[in-house]
Amino acid sequence: MYDYLIIGNGIAGLSATEEIRKKDKDATILIVSEEKSSTYWRTRLSHLISQEFEKDDLFVKKQPWYDERKIDEKLESCIEKIDFDKNVAILCDGEEIEYGKLLLATGARPFVPPITNINSKGVFAIRTITDLMNFKDYVKDKKKVVVIGGGILGLEAAHSALLLGKDVTVIESFDYLLSRQLDRELSEKLEKELNDMGIKTCTGKFTEEILAEKGIVKGVKLADGTEIAADAIMVQAGIRSNIDLAKNSGLDTERGIIVDDSLKTKYDNVYAAGDCAQIGDFTIGLWTSSQEMGKIAGNNMAGDKQMYEKPKPFSTLTIGDIKIFSAGMNSGEGVEEVKAEKDGNIYKLFKLNDKYVGGILWGDIKYQNDIKDIVFFGKDLQETKLGEIFE
């Protein structure tokens with residue numbers, strides 16, 4: 001019997017565990033995960049494609065941390081079903097774990113589009129350390145890499161593959177790269193700089209088929225008939241919440257596990273947090289959001305009453321000399337652009353009904369906190385240092 005059972009050891013599960021221990025010094029806590037390792041920095045995986053690293057450097061908390069706080073881990077273990085009436089989790093090997101309170105932090109998996117031959121050898125979706133190592137091993141003697149997906153993770157992965165000395169092509173189905181973060185003008189500037197760097201790009205193109213020979217990747221065929229040779233393919237097309245355990249056990253699910261603003265499910269002693277949780281009609285899928293959810297869920301499980309607020313969207317991309325920060329909206333009906341340029345840097349703010357609703361910094365990203373204050377909290381532009389740029 002454990003006072004607290006945490007299923008999943010991503011950042012949401014770890015953050016919850018840390019908060020529970022702060023509030024409840026003597027409770028018994030168990031983390032169960034299918035992963036082989038303790039919680040690690042998943043956000044660094046794309047960058048590590050081109051780097052040598054020690055596995056220990058990836059851990060968020062190194063082992064003494066768990067021992068000192070008397071937090072038990074059960075790794076490489078899957079849970080098949082949960083009996084919410086009996087407060088029992090049943091493992092795939094038949095073992096049963098009784099709990100007082102439960103957190104589902106089962107995370108998400110890569111979304112792999114249903115492309116013809118997508119299961120061919122040489123197709124990868126990097127979400128775990130094992131995925132990363134498998135990709136690095138596979139491409140050691142390979143030359144051409146295609147990345148399907150031109151979002152932030154796709155571009156970071158493409159840059160890392162370029163640093164490995166690979167011939168890299170990015171395929172993006174939308175008309176331009178980073179459509180959520182950038183307007184068309186800056187996206188086209190980004191695309192040109194990536195091309196100059198050596199990363200080829202295909203925007204507005206759908207991947208119709210993985211070309212394979214004897215089950216091994218040889219390239220991709222686009223919907224317009226274009227064929228691109230490839231020795232390996234990396235899919236970076238977003239994520240999907242891991243909800244099978246919750247769904248099969250009788251919890252309410254849609255895209256994620258349904259929770260209220262306190263991150264509680266329909267059971268008073270069962271919570272969900274991170275990529276697997278759905279509040280209202282949205283799931284999030286961001287590391288920082290999962291970390292915050294975990295903290296709130298952990299505090300609430302230990303007797304507090306905190307509410308989770310939907311995060312305010314912002315992103316940062318750093319690739320070589322390219323530095324971009326983006327927050328809020330940059331397009332839509334009635335949205336007007338205010339632009340300034342200085343020393344090769346570009347500063348943009350976006351207005352809707354006389355209110356700033358978005359901003360982008362290109363090159364000089366030191367004003368990102370000013371952008372957040374203006375866009376998210378309504379601070380007057382002239383009261384910030386960024387105001388000097390727009391004078």
Could you tell me the accessible area of ASP252 in Å² (1.4 Å probe, neighbours in place), rounded to the nearest ten? 80
No partner Cβ under 4.7 angstrom, meaning no disulfide-compatible partner by this rule: which Cys of the chain qualify? CYS202, CYS276
Could you pull the accessible area for ARG255 with a 1.4 Å probe, rounded to 10 Å²? 140
If I stretch the segment between LEU164 and LYS81 completely, what's the gain in nm (0.36 nm per residue apart, minus their alpha carbon distance), one decimal? 25.6 nm
Which value in deg cm²/dmol, rounded to the nearest 500, describes the helix-derived mean residue ellipticity at 222 nm for the chain, given -39,500 (n - 2.57) per DSSP H run of n ≥ 4 and division by the residue count? -6500 deg cm²/dmol
Hey, quick one: spin label on LYS23, modelled 7 Å out along Cα-Cβ, who in segment 87-107 has an amide N within reach, i.e. under 20 Å? 99-106
Per-q log10 I(q)/I(0), the chain, q = 0.08, 0.10, 0.14 Å⁻¹ (Debye; single scatterer per alpha-carbon; no solvent): -0.49, -0.76, -1.27
For LYS355, LYS142, give the ranking by accessible area with the largest first, probe 1.4 Å. LYS355, LYS142
Rounded to the nearest 20 Debye, what is the dipole magnitude of the chain about its Cα centre when Lys and Arg each give +1 and Asp and Glu each give -1 at the C-beta? 440
In whole percent, how big is the carbon plus sulfur part of the accessible area of segment 262-333, probe 1.4 Å, protein atoms only? 47
Distant-in-sequence amide H partners of LYS323 (H built 1.01 Å from N, under 5 Å): GLY363
How far is the Cα center of segment 320-391 from the Cα center of segment 256-310, in Å? 31
Highest mean first, how do 281-293, 368-380 rank when packing is the count of other Cβ atoms within 10 Å averaged over residues? 281-293, 368-380
Accessible area per residue, Å², segment 285-391 with all protein chains present, probe 1.4 Å: 53
Quick check: from the Cα gyration tensor, does segment 110-238 come out rounded (a/c under 1.5), prolate or oblate? prolate
Note, ALA223: beta-carbon cut-off 11 Å, +1 each Lys/Arg, -1 each Asp/Glu, net -1
Accessible area, probe 1.4 Å, largest first, for residues TYR2, TYR308: TYR2, TYR308
Over segment 110-238, how many pairs of lysines fall under 17 Å by alpha carbon, counting only those 8 or more apart in sequence or from different chains? 27
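The values are calculated or read from the model by the stated rules, or taken from the named source; none is laboratory data. From a predicted model like this one, the values you see are computed outputs, not experimental measurements. No Cβ is skipped: glycine too gets one built from the backbone with ideal geometry, and neighbour counts run over all protein chains shown. Ligands, DNA and RNA are stripped out before the accessible areas are found, and what is left, the full protein with its side chains, is counted by its heavy atoms. Shrake-Rupley method; radii C 1.70, N 1.55, O 1.52, S 1.80 Å.
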